[in-house]
1. Could you tell me how many of the residues in the range 32-67 are without any contact (Cβ under 8 Å) to a residue 40 or more places away in the chain and among the basic types (Lys, Arg)?
2. For the range 98-131, how many residues meet the condition of being without any contact (Cβ under 8 Å) to a residue 24 or more places away in the chain and over 17 Å from Leu164 (Cβ atoms)?
3. So which helices (runs of 4 or more DSSP H) stay within the range 11-89 end to end and still have 1 or more residues that are closer than 29 Å to Thr119 by Cα and not hydrophobic (A, V, I, L, M, F, W, C)?
4. When the residues of the range 21-32 are filtered to those that are at pLDDT 90 or above and closer than 22 Å to Ala122 by Cβ, which remaining residue is surrounded by the most Cβ atoms within 10 Å (Cβ to Cβ)?
5. Tell me which residues, restricted to the range 108-165, are over 15 Å from Arg15 (Cα atoms) and among the aromatic types (Phe, Trp, Tyr).
6. For residues that are among the aliphatic types (A, V, I, L, M) and in contact (Cβ under 8 Å) with a residue 12 or more places away in the chain, tally how many sit in the range 170-198.
7. Pull out all pairs, ordered by first then second residue, where Cβ-Cβ is under 7 Å, the residues are six or more apart or on different chains, the first lies in the range 146-169 and is among the basic types (Lys, Arg), and the second is open to solvent by less than 100 Å² (accessible area, probe 1.4 Å) and assigned to a helix (DSSP H, G or I).
8. Given the criteria open to solvent by less than 50 Å² (accessible area, probe 1.4 Å), within 21 Å of Val212 (Cβ to Cβ) and among the aliphatic types (A, V, I, L, M), does Ala40 qualify?
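The values are calculated or read from the model by the stated rules, or taken from the named source; none is laboratory data. All figures in this text were calculated on a predicted structure; none of them were measured in a lab. Here the Cβ positions follow ideal geometry from the backbone for every residue, glycine too, while neighbour counts run over all protein chains shown. Calculation scope for accessible area: heavy atoms of the full protein, side chains included, ligands and nucleic acids excluded. Shrake-Rupley method; radii C 1.70, N 1.55, O 1.52, S 1.80 Å.
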Amino acid sequence: MLSSEHKCRSKHGLRIVFGAAGVTASFAAVGMMPLADAIAIAWTSPIFAMIFAILFLRESIVPLRWVGAALGLVGVVVMNQPGAGVLQAGALVALLSAVLVGAEVVTIRLLAQSDDPLTILAINNLAGAVISGCAAIPVFQVPDIAQLPYLVGVGSIMVCGQLLFIRAAAMGEASFIAPFYYSTLIYAALFGLLFFGEIPGLNLLAGGALIVASGLVIAFARPRAAA
């Protein structure tokens, strides 16, 4: 039988593979099809995370939670307004990205139940730095002084975001936390307004309202406690 240490290493390895492959497939999809179409497909990942949570974590998902996830997905589609471009080969790559990211969420949930968040973060980011660093060697350019504050800021925000997500995975079911990923688009629109003066259109407002509704539905959709 596999030792607990070996099982833990296997989980970390799976998380690294799923994460790296998912990001790679996402970038590839964006290069093969319009951005809005790629996002609309790739952001079905919470749905796959919920499916994997049922299969591998034995989570019980109330029907209302599926409704909430569907509302979030509709909100993404409304905000991005994908066109006929979704029906092409790149769509399969975007769908693969969604499957891989959904699998990564479930793996994080498994790791968060036993490992310290800082350990999970350090192992994944170290592996990611090695993988991306090797891939970037042919095109690497040394950043100038003006870019350093932005790099530090992005890195710090990403680390904080990952820590919060891992902590959430330790506290709640994967099927509960995954659909909240849709809310990223709302904050992206808000920051676009605050920092770049981008006025959200009707599609962004309508899609954002659906995503907010999705979050509320999921927050209140809890399995009944056993009698």
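1. 1
2. Of the residues in the range 98-131, the ones without any contact (Cβ under 8 Å) to a residue 24 or more places away in the chain are 116, 119, 122, 126, 129-130.
Narrowing further to those that are over 17 Å from Leu164 (Cβ atoms): 126, 129-130.
Number satisfying all stated conditions: 3.
3. Numbers: elements: 35-42, 45-56, 63-80.
Filter on the range 11-89 gives 45-56.
4. Per the stated criteria, the residue is Gly22.
5. Result: Phe140, Tyr150.
6. Restricting attention to the range 170-198, the residues satisfying the condition of being among the aliphatic types (A, V, I, L, M) are 170-171, 174, 177-178, 185-186, 188-190, 193-194.
Within this subset, residues satisfying the condition of being in contact (Cβ under 8 Å) with a residue 12 or more places away in the chain are 170, 174, 177-178, 185-186, 189.
Residues in the range 170-198 being among the aliphatic types (A, V, I, L, M) and in contact (Cβ under 8 Å) with a residue 12 or more places away in the chain: 7 in total.
7. The qualifying pairs are Arg167/Pro117.
8. Details: open to solvent by less than 50 Å² (accessible area, probe 1.4 Å): yes; within 21 Å of Val212 (Cβ to Cβ): yes; among the aliphatic types (A, V, I, L, M): yes.
So Ala40 passes the test.
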